[in-house]
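Take a look at the structure below.
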Amino acid sequence: MNEVREWRVPGRVNLIGEHLDYNGGAVLPIAIDRALSIKIRVRDDGAVNVWSGGRRASFAASVAPGDVTDWSSYVAAAVWASREAGIAVPGADIVVESTLPTGAGLSSSAALTCGIAAALDELAGTGRSRVELARIGQRAESDFVGAPVGLMDQLAVLCCEADHALHIDFAADEPSLTAVPATWPAAGLAVAVIDTHAHHELASGEYGARRDECTRAAEQLGLSLLAQAQVDAVLKLEDDVLKRRTRHVVTESVRVRGAVKALNAGEWTQFGTMLTASHESLRDDYQVSSPELDVAVESALESGALGARMTGGGFGGSAIALLPAEAVDGLRSRVAARFAALDWAAPDVFVVTPTAGAHRVRR
Ligand code: GAF
(Lines give C-alpha, C1' and ligand atoms only; values in the text may rest on other atoms or scores of the structure.)
Protein backbone atom coordinates (compact mmCIF):
# COMPACT_ATOMS: atom_id res chain seq x y z
CA MET A 1 0.00 0.00 0.00
CA ASN A 2 1.44 3.38 -0.99
CA GLU A 3 2.00 5.92 1.79
CA VAL A 4 -0.62 8.68 2.34
CA ARG A 5 0.84 12.20 2.45
CA GLU A 6 -1.05 15.23 3.68
CA TRP A 7 -0.67 18.86 2.61
CA ARG A 8 -2.11 21.96 4.20
CA VAL A 9 -2.75 24.73 1.68
CA PRO A 10 -4.11 28.08 2.86
CA GLY A 11 -6.39 30.55 1.12
CA ARG A 12 -5.32 34.17 0.76
CA VAL A 13 -6.52 37.68 1.41
CA ASN A 14 -4.98 40.43 -0.69
CA LEU A 15 -4.42 43.45 1.58
CA ILE A 16 -3.95 45.86 -1.33
CA GLY A 17 -2.81 45.96 -4.96
CA GLU A 18 -5.87 44.66 -6.79
CA HIS A 19 -5.87 43.77 -10.47
CA LEU A 20 -2.21 44.73 -10.65
CA ASP A 21 -0.60 41.30 -11.01
CA TYR A 22 -1.40 40.87 -14.71
CA ASN A 23 -0.59 44.57 -15.29
CA GLY A 24 2.99 44.25 -14.03
CA GLY A 25 2.33 46.07 -10.75
CA ALA A 26 2.79 45.09 -7.10
CA VAL A 27 0.47 43.35 -4.64
CA LEU A 28 0.43 42.59 -0.91
CA PRO A 29 -1.38 39.36 0.04
CA ILE A 30 -1.34 37.26 3.20
CA ALA A 31 -2.04 33.53 3.38
CA ILE A 32 -4.87 32.97 5.88
CA ASP A 33 -5.68 30.42 8.55
CA ARG A 34 -8.51 28.93 6.45
CA ALA A 35 -7.11 26.12 4.40
CA LEU A 36 -7.49 22.96 2.38
CA SER A 37 -6.24 19.62 3.59
CA ILE A 38 -5.14 17.47 0.66
CA LYS A 39 -4.42 13.81 1.37
CA ILE A 40 -2.82 11.99 -1.51
CA ARG A 41 -1.40 8.59 -2.29
CA VAL A 42 0.01 7.17 -5.49
CA ARG A 43 -1.94 4.57 -7.47
CA ASP A 44 -0.22 2.42 -10.04
CA ASP A 45 -3.15 1.88 -12.44
CA GLY A 46 -3.39 5.26 -14.26
CA ALA A 47 -6.56 6.34 -12.44
CA VAL A 48 -7.13 9.47 -10.37
CA ASN A 49 -9.93 9.26 -7.79
CA VAL A 50 -11.02 12.37 -5.91
CA TRP A 51 -13.20 12.58 -2.79
CA SER A 52 -14.46 15.91 -1.46
CA GLY A 53 -17.54 17.05 0.44
CA GLY A 54 -19.20 13.63 0.18
CA ARG A 55 -18.68 13.46 -3.60
CA ARG A 56 -16.43 11.19 -5.61
CA ALA A 57 -15.03 11.67 -9.12
CA SER A 58 -12.65 9.61 -11.26
CA PHE A 59 -10.66 10.38 -14.37
CA ALA A 60 -7.50 9.13 -16.10
CA ALA A 61 -4.12 10.54 -15.07
CA SER A 62 -3.70 11.35 -18.79
CA VAL A 63 -6.67 13.76 -18.55
CA ALA A 64 -6.70 16.66 -21.07
CA PRO A 65 -8.62 19.97 -21.30
CA GLY A 66 -12.30 19.34 -22.05
CA ASP A 67 -12.31 15.86 -20.49
CA VAL A 68 -13.59 16.93 -17.05
CA THR A 69 -16.06 19.76 -16.51
CA ASP A 70 -17.73 18.84 -13.20
CA TRP A 71 -16.76 19.88 -9.63
CA SER A 72 -13.48 17.98 -9.89
CA SER A 73 -12.25 20.03 -12.87
CA TYR A 74 -9.72 22.02 -10.80
CA VAL A 75 -8.10 18.80 -9.60
CA ALA A 76 -8.07 17.43 -13.16
CA ALA A 77 -6.63 20.76 -14.33
CA ALA A 78 -3.81 20.52 -11.79
CA VAL A 79 -3.03 16.91 -12.74
CA TRP A 80 -2.95 17.93 -16.43
CA ALA A 81 -0.81 21.06 -15.92
CA SER A 82 1.60 19.13 -13.69
CA ARG A 83 2.04 16.42 -16.33
CA GLU A 84 2.55 19.08 -18.99
CA ALA A 85 5.34 20.49 -16.79
CA GLY A 86 7.00 17.09 -16.46
CA ILE A 87 5.60 16.18 -13.04
CA ALA A 88 3.89 12.84 -13.38
CA VAL A 89 2.77 10.02 -11.14
CA PRO A 90 0.98 6.94 -12.55
CA GLY A 91 -2.28 7.74 -10.73
CA ALA A 92 -3.53 8.99 -7.37
CA ASP A 93 -6.21 8.84 -4.70
CA ILE A 94 -6.90 12.37 -3.46
CA VAL A 95 -9.08 13.44 -0.53
CA VAL A 96 -9.79 17.17 -0.16
CA GLU A 97 -11.26 18.71 3.00
CA SER A 98 -11.65 22.43 3.54
CA THR A 99 -12.25 25.22 6.01
CA LEU A 100 -11.96 27.67 3.11
CA PRO A 101 -15.24 28.79 1.55
CA THR A 102 -15.41 28.37 -2.25
CA GLY A 103 -16.55 31.23 -4.47
CA ALA A 104 -15.71 33.71 -1.69
CA GLY A 105 -12.74 35.30 -3.46
CA LEU A 106 -10.29 33.74 -0.99
CA SER A 107 -8.39 31.67 -3.59
CA SER A 108 -9.79 28.25 -2.91
CA SER A 109 -9.06 27.47 -6.59
CA ALA A 110 -5.39 28.46 -6.37
CA ALA A 111 -5.08 26.51 -3.10
CA LEU A 112 -6.45 23.41 -4.82
CA THR A 113 -4.43 23.57 -8.04
CA CYS A 114 -1.18 24.61 -6.34
CA GLY A 115 -1.64 22.12 -3.51
CA ILE A 116 -2.11 19.26 -5.97
CA ALA A 117 0.89 20.43 -8.03
CA ALA A 118 3.09 20.68 -4.91
CA ALA A 119 1.98 17.26 -3.67
CA LEU A 120 2.53 15.61 -7.08
CA ASP A 121 5.92 17.32 -7.39
CA GLU A 122 6.98 15.88 -4.05
CA LEU A 123 5.67 12.40 -4.87
CA ALA A 124 7.38 12.43 -8.29
CA GLY A 125 10.59 13.83 -6.79
CA THR A 126 10.87 16.57 -9.41
CA GLY A 127 11.77 19.34 -6.93
CA ARG A 128 10.15 22.28 -8.71
CA SER A 129 10.52 25.74 -7.16
CA ARG A 130 7.54 27.46 -5.60
CA VAL A 131 7.41 29.97 -8.45
CA GLU A 132 7.39 27.10 -10.99
CA LEU A 133 4.56 25.41 -9.04
CA ALA A 134 2.65 28.71 -9.03
CA ARG A 135 2.94 28.90 -12.81
CA ILE A 136 1.60 25.33 -13.07
CA GLY A 137 -1.40 26.33 -10.93
CA GLN A 138 -1.96 29.40 -13.11
CA ARG A 139 -1.79 27.32 -16.29
CA ALA A 140 -4.31 24.84 -14.83
CA GLU A 141 -6.81 27.65 -14.27
CA SER A 142 -6.26 29.51 -17.51
CA ASP A 143 -5.79 26.67 -20.03
CA PHE A 144 -7.96 23.93 -18.53
CA VAL A 145 -10.69 25.70 -16.55
CA GLY A 146 -10.76 28.83 -18.72
CA ALA A 147 -10.17 31.51 -16.05
CA PRO A 148 -7.43 33.86 -17.36
CA VAL A 149 -5.99 34.66 -13.92
CA GLY A 150 -2.75 36.43 -12.96
CA LEU A 151 -0.11 34.88 -10.70
CA MET A 152 -0.79 36.58 -7.35
CA ASP A 153 -3.04 33.97 -5.75
CA GLN A 154 -0.78 31.04 -6.60
CA LEU A 155 2.30 32.78 -5.22
CA ALA A 156 0.39 33.81 -2.09
CA VAL A 157 -0.83 30.31 -1.23
CA LEU A 158 2.61 28.80 -1.95
CA CYS A 159 5.11 31.42 -0.76
CA CYS A 160 3.64 33.41 2.15
CA GLU A 161 5.27 33.18 5.57
CA ALA A 162 3.53 33.07 8.96
CA ASP A 163 3.06 36.52 10.55
CA HIS A 164 4.08 38.27 7.33
CA ALA A 165 2.47 39.77 4.28
CA LEU A 166 4.12 39.08 0.91
CA HIS A 167 5.05 42.08 -1.24
CA ILE A 168 5.14 40.70 -4.79
CA ASP A 169 6.35 42.93 -7.60
CA PHE A 170 5.44 41.79 -11.12
CA ALA A 171 7.43 44.49 -12.94
CA ALA A 172 10.03 42.03 -14.26
CA ASP A 173 9.53 38.65 -15.96
CA GLU A 174 10.43 36.88 -12.71
CA PRO A 175 8.33 38.23 -9.81
CA SER A 176 10.26 39.56 -6.81
CA LEU A 177 8.97 38.43 -3.40
CA THR A 178 9.61 40.24 -0.10
CA ALA A 179 8.09 39.23 3.24
CA VAL A 180 6.87 42.21 5.31
CA PRO A 181 6.18 41.69 9.04
CA ALA A 182 2.45 41.87 9.79
CA THR A 183 2.33 43.40 13.26
CA TRP A 184 -1.24 44.65 13.53
CA PRO A 185 -2.27 41.98 16.11
CA ALA A 186 0.33 43.40 18.54
CA ALA A 187 -1.30 46.82 18.04
CA GLY A 188 -4.69 45.39 19.12
CA LEU A 189 -5.98 45.33 15.55
CA ALA A 190 -7.53 42.56 13.47
CA VAL A 191 -8.13 41.91 9.79
CA ALA A 192 -11.69 40.63 9.42
CA VAL A 193 -13.07 38.98 6.31
CA ILE A 194 -16.69 39.69 5.39
CA ASP A 195 -17.80 36.87 3.08
CA THR A 196 -20.87 38.36 1.38
CA HIS A 197 -22.00 35.01 -0.06
CA ALA A 198 -22.54 36.83 -3.36
CA HIS A 199 -20.84 34.31 -5.60
CA HIS A 200 -17.61 35.35 -7.27
CA GLU A 201 -16.72 33.66 -10.56
CA LEU A 202 -13.59 34.45 -12.56
CA ALA A 203 -14.39 32.42 -15.65
CA SER A 204 -17.58 34.42 -16.26
CA GLY A 205 -16.10 37.02 -18.60
CA GLU A 206 -15.86 40.31 -16.68
CA TYR A 207 -12.41 39.47 -15.33
CA GLY A 208 -11.13 38.72 -18.84
CA ALA A 209 -12.81 41.89 -20.11
CA ARG A 210 -10.82 43.97 -17.58
CA ARG A 211 -7.61 42.29 -18.70
CA ASP A 212 -8.41 43.06 -22.35
CA GLU A 213 -9.15 46.71 -21.53
CA CYS A 214 -5.80 47.04 -19.76
CA THR A 215 -4.00 45.46 -22.71
CA ARG A 216 -5.70 47.96 -25.05
CA ALA A 217 -4.85 50.91 -22.81
CA ALA A 218 -1.21 49.81 -22.57
CA GLU A 219 -1.02 49.41 -26.38
CA GLN A 220 -2.43 52.91 -26.92
CA LEU A 221 0.15 54.28 -24.49
CA GLY A 222 2.99 52.39 -26.18
CA LEU A 223 3.67 50.31 -23.06
CA SER A 224 4.08 46.56 -22.65
CA LEU A 225 2.27 46.58 -19.28
CA LEU A 226 -0.20 49.13 -17.94
CA ALA A 227 1.49 49.48 -14.54
CA GLN A 228 4.38 51.16 -16.37
CA ALA A 229 2.06 54.14 -17.01
CA GLN A 230 2.89 57.50 -15.43
CA VAL A 231 0.35 59.76 -13.73
CA ASP A 232 -0.28 61.74 -16.92
CA ALA A 233 -1.22 58.60 -18.89
CA VAL A 234 -4.92 59.20 -18.33
CA LEU A 235 -4.66 62.50 -20.21
CA LYS A 236 -3.26 60.73 -23.26
CA LEU A 237 -6.20 58.34 -23.64
CA GLU A 238 -9.49 59.23 -25.29
CA ASP A 239 -11.78 56.38 -24.33
CA ASP A 240 -13.50 57.01 -20.99
CA VAL A 241 -13.45 53.34 -19.94
CA LEU A 242 -9.74 52.98 -20.69
CA LYS A 243 -9.06 56.22 -18.77
CA ARG A 244 -10.84 54.77 -15.71
CA ARG A 245 -8.99 51.45 -15.85
CA THR A 246 -5.67 53.26 -16.23
CA ARG A 247 -6.45 55.66 -13.36
CA HIS A 248 -7.08 52.65 -11.10
CA VAL A 249 -3.84 50.93 -12.10
CA VAL A 250 -1.75 54.10 -11.67
CA THR A 251 -3.29 55.18 -8.35
CA GLU A 252 -3.40 51.64 -6.93
CA SER A 253 0.32 51.27 -7.62
CA VAL A 254 0.95 54.42 -5.57
CA ARG A 255 -1.28 53.10 -2.79
CA VAL A 256 0.62 49.81 -2.65
CA ARG A 257 3.90 51.68 -2.18
CA GLY A 258 2.31 53.75 0.59
CA ALA A 259 0.75 50.71 2.22
CA VAL A 260 4.04 48.79 2.31
CA LYS A 261 5.71 51.76 4.00
CA ALA A 262 2.82 52.10 6.45
CA LEU A 263 2.90 48.38 7.22
CA ASN A 264 6.64 48.46 7.86
CA ALA A 265 6.22 51.49 10.12
CA GLY A 266 3.08 50.30 11.93
CA GLU A 267 1.24 53.44 10.72
CA TRP A 268 -2.20 51.89 10.95
CA THR A 269 -4.33 54.95 10.25
CA GLN A 270 -2.35 55.53 7.07
CA PHE A 271 -2.59 51.87 6.13
CA GLY A 272 -6.36 51.93 6.62
CA THR A 273 -6.73 55.06 4.51
CA MET A 274 -5.01 53.24 1.63
CA LEU A 275 -7.39 50.28 1.95
CA THR A 276 -10.50 52.43 1.73
CA ALA A 277 -9.13 54.50 -1.15
CA SER A 278 -8.36 51.23 -2.96
CA HIS A 279 -11.98 50.16 -2.58
CA GLU A 280 -13.26 53.45 -3.96
CA SER A 281 -10.99 53.09 -6.98
CA LEU A 282 -12.09 49.50 -7.59
CA ARG A 283 -15.73 50.57 -7.25
CA ASP A 284 -15.64 53.74 -9.37
CA ASP A 285 -12.76 53.36 -11.82
CA TYR A 286 -12.14 49.64 -12.23
CA GLN A 287 -15.84 48.86 -11.67
CA VAL A 288 -15.41 45.38 -10.18
CA SER A 289 -17.23 45.87 -6.89
CA SER A 290 -20.84 44.82 -6.20
CA PRO A 291 -23.68 46.24 -4.06
CA GLU A 292 -22.97 43.60 -1.40
CA LEU A 293 -19.26 44.47 -1.25
CA ASP A 294 -20.03 48.20 -1.04
CA VAL A 295 -22.45 47.68 1.86
CA ALA A 296 -19.92 45.42 3.60
CA VAL A 297 -17.26 48.13 3.32
CA GLU A 298 -19.65 50.86 4.51
CA SER A 299 -20.69 48.70 7.48
CA ALA A 300 -17.05 48.15 8.41
CA LEU A 301 -16.27 51.86 8.34
CA GLU A 302 -19.42 52.58 10.40
CA SER A 303 -18.17 49.97 12.91
CA GLY A 304 -14.89 51.79 13.52
CA ALA A 305 -12.66 50.17 10.90
CA LEU A 306 -9.50 52.11 10.03
CA GLY A 307 -10.00 50.96 6.47
CA ALA A 308 -11.95 48.44 4.40
CA ARG A 309 -12.06 47.20 0.84
CA MET A 310 -13.14 44.38 -1.41
CA THR A 311 -10.40 41.78 -1.86
CA GLY A 312 -9.59 39.58 -4.83
CA GLY A 313 -11.14 39.70 -8.28
CA GLY A 314 -14.45 41.25 -7.19
CA PHE A 315 -17.94 40.87 -8.72
CA GLY A 316 -18.98 39.35 -5.38
CA GLY A 317 -16.87 37.45 -2.89
CA SER A 318 -15.35 39.03 0.21
CA ALA A 319 -14.38 42.36 1.69
CA ILE A 320 -11.76 42.90 4.40
CA ALA A 321 -11.59 45.42 7.23
CA LEU A 322 -8.72 46.53 9.47
CA LEU A 323 -10.29 47.33 12.82
CA PRO A 324 -9.73 47.17 16.58
CA ALA A 325 -10.05 43.52 17.66
CA GLU A 326 -12.82 44.44 20.11
CA ALA A 327 -14.88 45.98 17.27
CA VAL A 328 -15.29 42.70 15.33
CA ASP A 329 -18.52 41.64 17.11
CA GLY A 330 -20.02 45.07 16.45
CA LEU A 331 -19.11 44.75 12.76
CA ARG A 332 -20.77 41.33 12.61
CA SER A 333 -24.04 42.69 14.02
CA ARG A 334 -24.01 45.86 11.95
CA VAL A 335 -23.31 44.18 8.62
CA ALA A 336 -25.97 41.53 9.37
CA ALA A 337 -28.49 44.32 10.09
CA ARG A 338 -27.56 46.30 6.97
CA PHE A 339 -27.84 43.13 4.84
CA ALA A 340 -31.15 42.13 6.48
CA ALA A 341 -32.61 45.55 5.64
CA LEU A 342 -31.88 44.74 1.98
CA ASP A 343 -33.28 41.19 2.26
CA TRP A 344 -29.80 39.70 1.85
CA ALA A 345 -28.62 36.75 3.95
CA ALA A 346 -26.17 37.62 6.72
CA PRO A 347 -22.52 37.48 5.65
CA ASP A 348 -19.90 35.46 7.52
CA VAL A 349 -17.46 37.65 9.43
CA PHE A 350 -14.24 36.07 10.68
CA VAL A 351 -10.80 37.23 11.73
CA VAL A 352 -7.84 35.96 9.72
CA THR A 353 -4.20 35.81 10.74
CA PRO A 354 -1.21 35.64 8.38
CA THR A 355 -0.09 32.06 8.06
CA ALA A 356 2.49 29.99 6.15
CA GLY A 357 2.00 28.93 2.54
CA ALA A 358 1.42 25.33 1.40
CA HIS A 359 3.34 22.74 3.38
CA ARG A 360 3.43 19.04 3.96
CA VAL A 361 1.86 18.06 7.28
CA ARG A 362 4.22 15.69 9.05
CA ARG A 363 2.39 12.74 10.58
C1 GAF B 1 -8.15 37.10 -8.93
C2 GAF B 1 -7.03 36.60 -9.83
F3 GAF B 1 -6.93 35.25 -9.75
C4 GAF B 1 -5.69 37.23 -9.46
O5 GAF B 1 -4.70 36.85 -10.38
C6 GAF B 1 -5.80 38.76 -9.39
O7 GAF B 1 -5.81 39.33 -10.67
C8 GAF B 1 -7.01 39.17 -8.56
O9 GAF B 1 -8.20 38.53 -9.01
C10 GAF B 1 -7.25 40.66 -8.61
O11 GAF B 1 -6.20 41.33 -7.97
O12 GAF B 1 -7.98 36.69 -7.62
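Using a cutoff of 8 angstrom between alpha carbon atoms and counting only pairs six or more residues apart, the relative contact order for region 90-206 works out to 25 percent. Grouping the Cα pair distances of region 161-286 into 5 Å bins from zero gives a pair-distance distribution of 2, 9, 15, 18, 19, 17, 12, 6, 2, 0 percent in increasing distance order. Here the Debye sum runs over all C-alpha atoms of region 1-142 as equal scatterers in vacuum, and log10 of I(q)/I(0) at q = 0.09, 0.10, 0.19 Å⁻¹ comes out as -0.26, -0.32, -1.13. Take the chain with all the other protein chains still there, run a 1.4 Å probe, and you get 39 Å² of accessible area per residue. First check a/c for region 4-55, with a ≥ b ≥ c the square roots of the eigenvalues of its C-alpha gyration tensor; if it is under 1.5, answer rounded, and if not, answer prolate when a/b is larger than b/c or oblate otherwise. Since a/c reaches 1.5 and a/b is larger than b/c, the shape of region 4-55 is classed as prolate. Just so you know, the averaged projected area of the alpha carbon convex hull for the chain sits at 18.0 nm².
When the chain is treated as a GNM with alpha-carbon contacts under 10 Å, the residue of ALA345, ALA308, ALA198 showing the greatest mean-square fluctuation is ALA345.
Kindly rank 346-355, 53-62 from highest to lowest mean number of other beta carbons found within 10 Å of each residue. Walk me through the numbers before you get to the answer.
Working: 346-355: 19.6, 53-62: 13.3.
Packing order, densest peptide first, comes out as 346-355, 53-62.
A crude spin-label estimate for the pair SER204 and ASP44, with each label 7 Å from Cα along the Cβ direction, gives 4.7 nm. By the Kirkwood approach, averaging reciprocal distances over each pair of separate Cα atoms, region 123-224 gets a hydrodynamic radius of 16.6 Å. Determine which aspartates and glutamates satisfy two conditions relative to LYS236: a Cα distance under 13 Å, and not lying fewer than 8 residues away in the same chain. Cα-Cα hits under 13 Å: GLU219.
In the chain, once you exclude exposed GluC sites (Glu not before Pro) (DSSP loop, at most 11 other Cβ within 10 angstrom), what's the longest stretch remaining? It would help to have the intermediate numbers written out before the result.
On the way: sites that count: GLU3, GLU238.
In short, 4-237.
Label zone (THR69, point 7 Å along Cα-to-C-beta; backbone nitrogen cut-off 19 Å) within region 80-122: 80.
Express the relative contact order of the chain as a whole percentage, based on alpha carbon pairs under 8 Å and six or more residues apart in sequence.
It rounds to 24 percent for the chain.
Taking 25 °C and 0.890 mPa s as conditions, region 269-363 diffuses translationally at an estimated 174 µm²/s according to Stokes-Einstein applied to its Kirkwood radius (Cα pairs).
Dividing the summed helix terms, -39500 (n - 2.57) for each DSSP H run of n ≥ 4, by the number of residues in the chain produces a 222 nm estimate of -12000 deg cm²/dmol to the nearest 500. Note: relative contact order over region 181-353, using C-alpha pairs below 8 Å and six or more positions apart, is 33 percent.
The values are calculated or read from the model by the stated rules, or taken from the named source; none is laboratory data. As the structure is a prediction and not an experimental result, all values here were calculated from the model. Positions of Cβ are backbone-derived with ideal geometry, glycine not excepted, and every protein chain shown enters the neighbour counts. Accessible surface is based on the protein model in full, side chains and every heavy atom, while ligands, DNA and RNA are left aside. Shrake-Rupley method; radii C 1.70, N 1.55, O 1.52, S 1.80 Å.
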